[in-house]
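The values are calculated or read from the model by the stated rules, or taken from the named source; none is laboratory data. Please read these numbers as outputs of a predicted model, since none were measured by experiment. Neighbour counts are summed over all protein chains in view; Cβ atoms, including those assigned to glycine, are modelled from backbone coordinates with ideal geometry. Ligands, DNA and RNA are stripped out before the accessible areas are found, and what is left, the full protein with its side chains, is counted by its heavy atoms. Shrake-Rupley method; radii C 1.70, N 1.55, O 1.52, S 1.80 Å.
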Amino acid sequence: MASDATIVEVPRPPTRRLPFPLLILRTIGNPVASWSEDFYDEPIVVYRTLGLETVFVMDPELIQQILLDNSESFTKRPLYDHVLGGAGGKGLLIAEGDDWRWQRRIAAPLFRSEELLAHVAAFAEACTPVLARWSAAGPGSLQVIGRDMTAAAMQALEDTILGADLSAADRKMIADAGTAFLQPTPWKIALAALKLPEWTPHPGSLAMRRG
């Protein structure tokens, strides 16, 4: 779910680490393009500025320690509450402790390899119209990939897990609401990193609330 924007195919990381204010500004546009080359070499990157300490954990083993092996020592809040607010509810993305373990145990069977393989045909069928439309487009034409992949993902979910039959209007309404909500989230992340209040206005804040 993304805006109708054109970005470079492969963002080139800055050679040297950006000052924290500039990193925050670049994060709003493209978080990956804000990471300097040392982000890809160091297991942990630490910023200390303006009385704030921000840590980027880049090493896969350390990420596993935080998210899984030693998750009780870390919390997703208040960042997730700041960014997702009430829309996050208590789903698997935000849940912690016993709630997270219970939901993860319930959802785990859906992600077993044999379960996913059983849905491959439906996934491929949902993507077929998108690929056909892209193939029929003229050379050099621009495609709104975020919109098209959202539609394909929604169709795949309907045909597999949800078992629903949504109309084109319903799908568009859900996709538009998701875009309106998710598009400004880099602003929320930046404001949370600066420890500003959740109610701090930012571009897209009204559309985000409506979404």
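Tabulated values for the structure
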item: Relative contact order for the chain, counting Cα pairs under 8 Å that sit 6 or more residues apart, in percent; result: 23
item: Reachable aspartates and glutamates, given that their alpha-carbon falls under 12 Å from the alpha-carbon of K76 and they are not under 8 places away in the same chain; result: E96
item: Apportionment of accessible area to carbon and sulfur, the chain, percent (1.4 Å); result: 61
item: Taking all pairs of distinct alpha-carbon atoms in the range 85-144, Kirkwood radius in angstrom; result: 15.1
item: Å³ per residue enclosed by the Cα convex hull of the range 54-176; result: 191
item: Protein-only accessible surface order, largest first, of K76, K188 at 1.4 Å; result: K76, K188
item: For W35, solvent-accessible area (1.4 Å; no DNA, RNA or ligand), Å²; result: 70
item: Nearest-10 value in Å² for the accessible area of M208, using the 1.4 Å probe; result: 20
item: Hits among aspartates and glutamates - C-alpha to C-alpha of K195 under 13 Å, sequence gap 8 or more where chains match; result: E53, D81
item: Relative contact order for the range 135-210, counting Cα pairs under 8 Å that sit 6 or more residues apart, in percent; result: 25
item: Assigned charges on the beta-carbon of Lys, Arg, Asp, Glu; the chain dipole about Cα centre (debye); result: 720
item: Distance from the range 11-27 to the range 56-129 (C-alpha centre basis), Å; result: 28
item: Residue-wise HN-Hα coupling along the range 131-148, computed from phi with Karplus coefficients 6.51, -1.76, 1.60 (Hz; x: Gly, Pro); result: 5, 5, 5, 5, 5, 7, 5, x, x, x, 6, 8, 10, 7, 5, x, 5, 5
item: Probe 1.4 Å, accessible area per residue of the range 102-206, Å²; result: 67
item: Listed values [x] 16.8, 51; [y] 19.7, 54; [z] 15.8, 46, entry calculated as Rg and Dmax of the Cα atoms in Å; result: [y]
item: Per-residue ³J(HN,Hα) for the range 180-188, Karplus 6.51 cos²θ - 1.76 cosθ + 1.60, θ = phi - 60°, Hz, x for Gly and Pro; result: 4, 7, 7, 4, x, 4, x, 5, 5
